[in-house]
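Asker: Sending over a structure as structure tokens; questions will come in a sec.
The values are calculated or read from the model by the stated rules, or taken from the named source; none is laboratory data. Just so it is clear, the structure is predicted and the values come from calculations on it, not from any experiment. Note that we place each Cβ from the backbone using ideal geometry, even for glycine, and neighbour counts take in every protein chain shown.
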Amino acid sequence: MSLDMFIQHLFNALTLGSLYGLIAIGYTMVYGILRLINFAHGDIFMLGAYFVFFGVTLTKLPWGIAVVLAVALSALCGTVIDRIAYRPLRDAPRISALISAIGVSFFIENLGLVVFTGLPKPVYRPDWLVEVINLGNIRILPLALIVPAIAFALVMGLLWIVYKTKPGLAMRSISKDIETTRLMGVSVDKIIALTFGLGSALAAASGIMWALRYPQIHPFMGVFPGFKAFIAAVLGGIGSIQGAMIGGMLLGLIEIMAVAFFPALSGYRDAFAFILLIVILLMKPTGLMGEKLEEKV
Amino acid sequence: MKTPNKNRDLTLTTAAVGLLLVFLWWANGHLDNYKIQVLNLIAINSILALSLNLIYGFTGMFSLGHAGFMAIGAYVSSLLILPPVQKEMIYILQPLIWPFSVLQAPFFIAVLAGGFAAALLGLVIAIPVLRLGGDYLGIATLGFAEIIRVVFTNLTPITNGALGLKGIPNYANIWWNYGWCLLTLFFLIRLINSNFGNVLKAIRDDEIAARAMGINTFKYRVVSFSIGAFFAGIGGALMASLITTIDPKMFSFLLTFNVLMIVVAGGLGSLTGSIIGSAVITVLLEWLRFVENPIDIGSFHLDGIPGMRMVIFSLLLILIILFRREGIMGMREFSWDSLISRFSRGGEAR
Amino acid sequence: MSANPPVLETKEVTIRFGGLTAVSNFNISVPKGSIVGLIGPNGAGKTTCFNIITGFYKPTQGEVFLEGKPITGLPPHKVCEEGIARTFQNIRLFYNETVLQNVMIGGFVRQKSHWWMPPLMIPSCTREERELRETAMALLDSVGLGKLAGEISSALPYGAQRRLEIARALATKPKFLLLDEPAAGMNPQESQELMDFIKRIRTDFDLTILLIEHDMKVVMGVCEHIWVLDYGILIAEGNPEQIRTNPKVIEAYLGEEATQNA
Ligand SMILES: Nc1ncnc2c1ncn2[C@@H]1O[C@H](COP(=O)(O)OP(=O)(O)O)[C@@H](O)[C@H]1O
Ligand SMILES: [Mg+2]
């Protein structure tokens, strides 16, 4: 493989990795607080993409406004799901909320099928996004630069919220000890709603960029990116925002490079993430960066 | 303790099974093909639900890998019952490799082989993943099922890849399906009501206490998981022969979701619940097809709505989890005693 | 002390959790047939010692012997097989199961038949299960829970749950029984009954018993020998009278009260 090719693959990996990372953050934040794998998270990613699609094609909104509205609407969906399907189960056995989440996921996907139909829709992309830039022999799309840049900016914004604001402090405190935080007078439910909102907003942003990068949307488009992003979150150590982003990058890199170096494996691409997950869980159940939790007898 | 009624119970059970057989014989002769198909699905879904209930409801291992075991059972058994000529015809992309190209077995042996293959895979998977608990186990087993699916899509010389297998002999008639269903039920009732069953429930209730009581919890989790995988494989094998066409896409997470739904609706930790759940959910799923078919009311034409069936179905699961988590039966089981006392109490009330 | 050979012996057992040394240099030797106590303020490391003996924790250093045989590092189920049974500070019953089932589960460790035998209706297995059920019933009768055999264990009153947990441990046919705060949450009359009960099972089941207890009346009432643990270190041992008057022990307990009042 030539160096040029390699660099081109690297950019692809960077794009894919940032998209996985953005979704993974939502998983990691929710799991960090509620110990819940939010199965429906990948479907918020799908909704984000559809909202923009409808905003632009049906209501002829300008791109910028459509994106902002879509992200806000997706964030709302995330919090509504929590309110209806998860919050009543806070005191139930942990797996109950997980089953509810699986139900919500199938619900959204099939509602998508009903409302949007199952036909994949082509996505119209503004020309300037896809005009190939030639850097010597390397050909890249502006998207390959824009996506990682936006992802980076979003993560910085999120880290600012989590580490520099009061709600962020409450979030971190809940993830350490939910009961004590409640006793200190923090409105735990509101903070959890905020967590779902932020995570969903990032997933929607990822979905929108995904639709631009791989210009086709359909109601089940969130399933595999969702699974994989969860795996990325585990890879990075569940509960850690930076970890989720790093896990996403790593997974993107592995998927793109494995297929680039061993084209024969391309059919197995969707299995890599799962194999990785199982290896990780077996070697270090808390992820690459997670801390060890001893079982107390 | 229960000796006084043992003979009575045995008689009643034999009578009930006899009645079921008479009903099936009648149904086989008088009902249309569609209704018989639904009856067959109830039997197969019961096998699947019972096996998942053993793993999750009785042993407390949240497994989302059922579709994977079903796939193994379906492919192994189908390869054994497909005639060599048929195999040569359907493997267009790459020929089926030896010895699968010539291997043949009677249906019973083929289904059994499917079950054992699934159990073997269950064993191989269990040893690494059962060290995990709770949701991580769920996601790891889901991962394994997806890996199996991807492997089957790519292993063209054995599985015929994405094209799948067509024209599988339709041996799985009502007698085979209900025969296997009763066998499964008998096996699991005996198992669950033995002290070994108590041990599985102990592991579910409090693993730490179980270990302190001298139970090698890991070993018995593996055993339970493999038995569950075995019957999932049986279910998959029967399913393949019932619908005569399989491909890797069929064995997606949706299939596991359906079985999970039955188990949850019927009641986690209740064999009775799984049987009732299978009947109710299977019929409901079939009945819900009407929302996806076009309807004509007078001059009014409504197009069918694809996806609506699963919308209602998943909504139902959410509602059950939110408002009736114990499902239909909770952890209770059917017993003749409770049935009789209910009747006699009903009589007194009047 | 050395009249009987020791059933249990620990040699320089030490365990560290990260930076915290929870137990250090723990040496005890429990004579056969005795009832002995382990006391100390909250957080002293008593339960941790139980967890080490029963195989739930692996000691950082040191060894544990049962009748002279090293059992250090064996997994909990092997330790139970060797003949050590225990109860838990926070009762841990199989709450969805009946009282009888709880005890039968305790008997499983001595069961010879295999899991595949019940479905195949192997006669030897059916016989063994029937015997197991009968033994379990007899055991329940002997601890006064016979009438409750069919109840779901979570429905039992607190005192009966404690008793059931002990019965379940006895069903494993132990040589050595560990009780973690068996009198916790009991009123004086219940504690008195418990003391009689502990003495009785020692004779009836030919046991050696080590118990952790905060209720001094119980400790002084049943224990022949007592070890005192403070911050993971053994600070005293002796018979009840010696412990009662030991200034170090008084200090350790007064220290606890002082911090509690602060
Ligand atoms: N698994 C563990 N990880 C970390 N610290 C532990 C663990 N188990 C016990 N400890 C610590 O060891 C100390 C002794 O605890 P414990 O043995 O429960 O005390 P007690 O004497 O009250 O039974 C405590 O400080 C406790 O926090
Ligand atoms: Mg303690």
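Asker: Step by step: first the residues of the range C:39-76, then only those that are among the polar types (S, T, N, Q) and assigned to a loop (DSSP other than H, G, I, E, B), then the one that is nearest to ligand 2 (Cβ to nearest atom). Which residue is that?
Answerer: C:Asn42
Asker: Given C:Val23, C:Val13, which one is in the same structural domain as C:Thr203 (by TED's automatic domain parsing) and within 14 Å of ligand 2 (Cβ to nearest atom)?
Answerer: Numbers: C:Val13 fails: within 14 Å of ligand 2 (Cβ to nearest atom).
C:Val23 is the lone residue from the list that is in the same structural domain as C:Thr203 (by TED's automatic domain parsing) and within 14 Å of ligand 2 (Cβ to nearest atom).
Asker: Let me ask something else. Could you list, in sequence order, the residues of the range A:207-230 that are in a helix (DSSP H, G or I) and over 25 Å from B:Met310 (Cβ atoms)?
Answerer: A:Ile208, A:Met209, A:Leu212, A:Arg213 - these are the residues of the range A:207-230 that are in a helix (DSSP H, G or I) and over 25 Å from B:Met310 (Cβ atoms).
Asker: C:Gly40 - would you say it is closer than 30 Å to C:Lys248 by Cα, within 16 Å of ligand 1 (Cβ to nearest atom) and small (Gly, Ala, Ser)?
Answerer: Spelling it out, C:Gly40 is indeed closer than 30 Å to C:Lys248 by Cα, within 16 Å of ligand 1 (Cβ to nearest atom) and small (Gly, Ala, Ser).
Asker: Only residues that are away from ligand 1 (no atom under 16 Å from the Cβ), of a type outside the set (Gly, Ala, Ser) and under 18 Å from C:Lys11 (Cα atoms): list them for the range C:26-35, please.
Answerer: C:Asn27, C:Val30, C:Pro31, C:Lys32, listed by residue number.
Asker: Could you pull out the residue among C:Lys175, C:Lys217 that is under 24 Å from C:Gly68 (Cβ atoms) and either touching a Ser or Thr at 6+ places or on another chain (Cβ under 8 Å) or within 14 Å of another protein chain (Cβ to nearest Cβ) (or both)?
Answerer: From the options C:Lys175, C:Lys217, the qualifying one is C:Lys175.
Asker: Give just the number: which of (1) surrounded by 13 or more Cβ atoms within 10 Å (Cβ to Cβ); (2) touching a strand residue (DSSP E or B) at 6+ places or on another chain (Cβ under 8 Å); (3) among the aliphatic types (A, V, I, L, M) does A:Val132 not satisfy?
Answerer: (1)
Asker: Here's another thing I want to ask about it. What is the residue count in the range C:100-116 for residues that are more than 8 Å from every other protein chain (Cβ to nearest Cβ), closer than 12 Å to B:Ser194 by Cα and not hydroxyl-bearing (Ser, Thr, Tyr)?
Answerer: 2
Asker: Taking the range C:203-243 as the search range and keeping residues that are more than 16 Å from ligand 2 (Cβ to nearest atom), under 16 Å from C:Asp180 (Cα atoms) and not aliphatic (A, V, I, L, M), which one is farthest from the chain's Cα centre (by Cα)?
Answerer: My answer is C:Lys217.
Asker: Could you tell me which numbered condition C:Trp116 fails, if it satisfies all but one of (1) within 16 Å of ligand 2 (Cβ to nearest atom); (2) more than 29 Å from C:Leu145 (Cα to Cα); (3) aromatic (Phe, Trp, Tyr)?
Answerer: Here C:Trp116 clears every test but (1).
Asker: Then there is this: Tell me the residue from C:Thr72, C:Thr54, C:Thr60 that is more than 16 Å from ligand 1 (Cβ to nearest atom), hydroxyl-bearing (Ser, Thr, Tyr) and either closer than 30 Å to B:Asn193 by Cα or surrounded by fewer than 20 Cβ atoms within 10 Å (Cβ to Cβ) (or both), please.
Answerer: Exactly one of C:Thr72, C:Thr54, C:Thr60 is more than 16 Å from ligand 1 (Cβ to nearest atom), hydroxyl-bearing (Ser, Thr, Tyr) and either closer than 30 Å to B:Asn193 by Cα or surrounded by fewer than 20 Cβ atoms within 10 Å (Cβ to Cβ) (or both), namely C:Thr72.
Asker: Can you name the residue in the range C:77-103 that is polar (S, T, N, Q) and within 16 Å of ligand 2 (Cβ to nearest atom) and, of all such residues, is surrounded by the most Cβ atoms within 10 Å (Cβ to Cβ)?
Answerer: My answer is C:Thr87.
Asker: Considering only the range C:135-157, how many residues are farther than 18 Å from C:Glu190 by Cα and among the β-branched types (Val, Ile, Thr)?
Answerer: The qualifying residues number 2.
Asker: List the number of the failed condition for C:Val143; all other conditions in (1) away from ligand 2 (no atom under 16 Å from the Cβ); (2) of a type outside the set (S, T, N, Q); (3) under 22 Å from C:Ser29 (Cα atoms); (4) away from chain B (no Cβ under 14 Å) hold.
Answerer: Result: C:Val143 passes all but (3).
Asker: Within 14 Å of chain B (Cβ to nearest Cβ) and closer than 28 Å to C:Cys49 by Cα: which single residue out of C:Ala155, C:Ala149, C:Ala169 fits that description?
Answerer: Exactly one residue qualifies, and that residue is C:Ala169.
Asker: Can I ask one more? If you go through the range A:56-71 one residue at a time, do you hit one that is touching a residue at least 24 places away in the same chain (Cβ under 8 Å), of a type in the set (Gly, Ala, Ser) and more than 10 Å from every other protein chain (Cβ to nearest Cβ)?
Answerer: To start, the set of residues in the range A:56-71 that are touching a residue at least 24 places away in the same chain (Cβ under 8 Å) comprises A:56-57, A:63, A:67, A:70-71.
So of that shortlist, the ones also of a type in the set (Gly, Ala, Ser) come out as A:70.
From the residues that got through so far, the ones that are more than 10 Å from every other protein chain (Cβ to nearest Cβ) too are A:70.
Yes; the residues of the range A:56-71 include at least one that is touching a residue at least 24 places away in the same chain (Cβ under 8 Å), of a type in the set (Gly, Ala, Ser) and more than 10 Å from every other protein chain (Cβ to nearest Cβ).
Asker: Scan C:Leu178, C:Leu156, C:Leu164, C:Leu170 and give me the residue that is under 30 Å from B:Ala202 (Cα atoms) and within 16 Å of ligand 2 (Cβ to nearest atom).
Answerer: None of the other options fit; the residue is C:Leu178.
Asker: With the checklist (1) on the phi > 0 side of the Ramachandran plot; (2) away from ligand 1 (no atom under 16 Å from the Cβ); (3) away from chain B (no Cβ under 14 Å); (4) not aromatic (Phe, Trp, Tyr) in hand, flag the one item C:Gly83 doesn't pass.
Answerer: Going through the list (1) on the phi > 0 side of the Ramachandran plot; (2) away from ligand 1 (no atom under 16 Å from the Cβ); (3) away from chain B (no Cβ under 14 Å); (4) not aromatic (Phe, Trp, Tyr), C:Gly83 breaks only (3).
Asker: If you don't mind, there's one more thing I want to ask. Out of the range C:127-141, which residues are within 14 Å of C:Ile166 (Cα to Cα) and among the aliphatic types (A, V, I, L, M)?
Answerer: Of everything in the range C:127-141, those that are within 14 Å of C:Ile166 (Cα to Cα) and among the aliphatic types (A, V, I, L, M) turn out to be C:Ala136, C:Leu139, C:Leu140.
Asker: Restricting attention to the range A:5-16, does a residue exist that is closer than 30 Å to A:Ser173 by Cβ, within 12 Å of the chain's Cα centre (by Cα) and modelled with pLDDT of 95 or more? Talk me through it step by step, then tell me what you get.
Answerer: First, pick out the residues of the range A:5-16 that are closer than 30 Å to A:Ser173 by Cβ: none.
There is no residue in the range A:5-16 that is closer than 30 Å to A:Ser173 by Cβ, within 12 Å of the chain's Cα centre (by Cα) and modelled with pLDDT of 95 or more.
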